[in-house]
Amino acid sequence: MLSFKDIEINDQEWAKPMIAAGNLPACEYSFGSNFIWSKAYHVQIAQVEGMYVAKAGREEISFTFPVGGGDLKACVDKLAGYAREQGQPLRFHAVVESSRQKLEELYPGQFSFTSQRDSFDYIYNSQDLINLTGKKYHGKRNHINRFREGNWLFEPITPDNLSECMEMQKEWCVLNDCKNNCSKQAEACAVEAAFAHFFELGFQGGLLRLDGKVVAYTIGEPLNSNTYVVHIEKAYADVQGAYPAINQEFARYAASEYSFINREDDTGAEGLRKAKLSYYPAILLEKFTAVME
C-alpha cells in the first residue's frame, strides 16, 4: 500500500539526490518547485521502489515521472495499482520525450500520450539572455538602456534585503488585483513559501533598485547538470525596462556557468506566451500527459 505524504522541507535530504539522478530538463523535476507549489496543486510525495514521485491533484490525480536509481518498472506497476485503488487510470504529467520513450519501451502500446502546449518549458541559451546580442534583441536592449538611465542597482537577495522583496510582492499583488484572480492567488502562495524557506531550499535571488526602492526581484536555482531554472520573476509594469533588466542581470549573476536557462511554462496565458517567445527560446520543451489505457 503506497502512502503519499505532504511535502516538508526536511524531505529534500532524500529527495534532491533522486531528482538529480534523473537529470531531467523540465521545471517540475525540482524539489524547490514541488515544495513552493504544493498547496496550489495539492502536491504530495513518496519514495516508491527507490524512486522519487510527486502526486498532484485531488479529484483527478497524476504523477511526475519517477526519478532516481530504483526499479522503474516496479515503481510504475505500484503506481498503477495505487491509481486503480483510487478508481482512476495511471496518469503522468510533465513527461518529456526521453521519459515517454522509456514508458513505451516498458509498456508498449499501453500508454496514450497527449502533448500539452500550455505546459511546454521555455529554455534559452544562457549567453543569449546575458548578452542580448543581435538585431532580434534590439528592443530588449533599448528598454534596458532606458531603465539604466536612472539611479539603479542590482543586488543578490540576502537575509538583509529579503523583507524588502516580500514588501514589493505585497504591493505588486495589490496593483495587480491578486485577491480576485485565482492563478495570481496561487502564485502569491508559492512566492510566500519561497520567501519563508528561501535559504533552506538553497534558492538564489536578485533584486533591482531604482532610487533606492526595490522595483523587481527574481528567484531561481540550479535545475540539473547544465540548466538553471527561474521560478519567479516580478517587476512593476510602470517601470520601463525593469523586467528585461532583472532578467539579464540575474542571468549574468546566477546562470553564467550553465548552458541553459529554463524559464518555465506560460500556463496558456497569452501575454506571458508572447513575452517568453520574444526572448527566442533555444528549446520549446515538449511535455506530455501519459495515461495508461
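The values are calculated or read from the model by the stated rules, or taken from the named source; none is laboratory data. Nothing here was measured: the structure is a model prediction, and the numbers come from that model. Ideal geometry is used to build each Cβ from the backbone, glycine not excepted, and the neighbour counts take in all protein chains shown. Calculation scope for accessible area: heavy atoms of the full protein, side chains included, ligands and nucleic acids excluded. Shrake-Rupley method; radii C 1.70, N 1.55, O 1.52, S 1.80 Å.
Observations on the model:
- Contact map, segment 233-244: first residue at negative phi, second residue of a type in the set (Phe, Trp, Tyr) and open to solvent by less than 10 Å² (accessible area, probe 1.4 Å), Cβ cut-off under 7 Å, separation 6 or more or different chains; pairs are Lys234/Tyr217; Gln240/Phe147; Ala242/Phe147.
- In segment 73-87, the residues that are touching a helix residue (DSSP H, G or I) at 6+ places or on another chain (Cβ under 9 Å) and open to solvent by less than 30 Å² (accessible area, probe 1.4 Å): Val76
- Taking segment 110-135 as the range and being part of a loop (DSSP other than H, G, I, E, B) and over 20 Å from Phe92 (Cβ atoms) as the test, the residues that pass are Leu132, Thr133, Gly134.
- When Leu210, Leu223, Leu201 are checked against the criterion of being aliphatic (A, V, I, L, M), within 29 Å of Gly150 (Cα to Cα) and in contact with a strand residue (DSSP E or B) (Cβ under 8 Å, 6 or more places away or on another chain), Leu210 stands alone in meeting it.
- Filter result (touching a residue at least 60 places away in the same chain (Cβ under 8 Å), part of a helix (DSSP H, G or I) and open to solvent by 70 Å² or more (accessible area, probe 1.4 Å)) within segment 147-170: Arg148
- Near pairs, Cβ below 8 angstrom, 6+ apart or cross-chain, from segment 128-143 (more than 9 Å from Gln248 (Cβ to Cβ)) to any residue that is assigned to a helix (DSSP H, G or I) and of a type in the set (Asp, Glu): Tyr137/Asp128
- Any hit, segment 225-239, residues being open to solvent by 20 Å² or more (accessible area, probe 1.4 Å), in a loop (DSSP other than H, G, I, E, B) and either in contact with a Pro (Cβ under 8 Å, 6 or more places away or on another chain) or within 15 Å of Gln127 (Cα to Cα) (or both): yes
- Residues within segment 209-219 that are farther than 14 Å from Ala237 by Cα and surrounded by fewer than 21 Cβ atoms within 10 Å (Cβ to Cβ), tallied: 4
- Selection of segment 54-65 for residues being part of a loop (DSSP other than H, G, I, E, B) and in contact (Cβ under 8 Å) with a residue 24 or more places away in the chain yields Glu60, Ile61, Thr64, Phe65.
- Qualifying residue in segment 174-191 (condition: in contact with a Gly (Cβ under 8 Å, 6 or more places away or on another chain) and either surrounded by fewer than 21 Cβ atoms within 10 Å (Cβ to Cβ) or under 26 Å from Thr267 (Cα atoms) (or both)): no
- Of the residues Ala242, Ala290, the single one that is closer than 26 Å to Gln127 by Cβ and of a type outside the set (D, E, K, R) is Ala242.
- Evaluating Gly206 against the criteria (1) open to solvent by less than 60 Å² (accessible area, probe 1.4 Å); (2) in a loop (DSSP other than H, G, I, E, B); (3) not β-branched (Val, Ile, Thr) leaves one unmet condition, (2).
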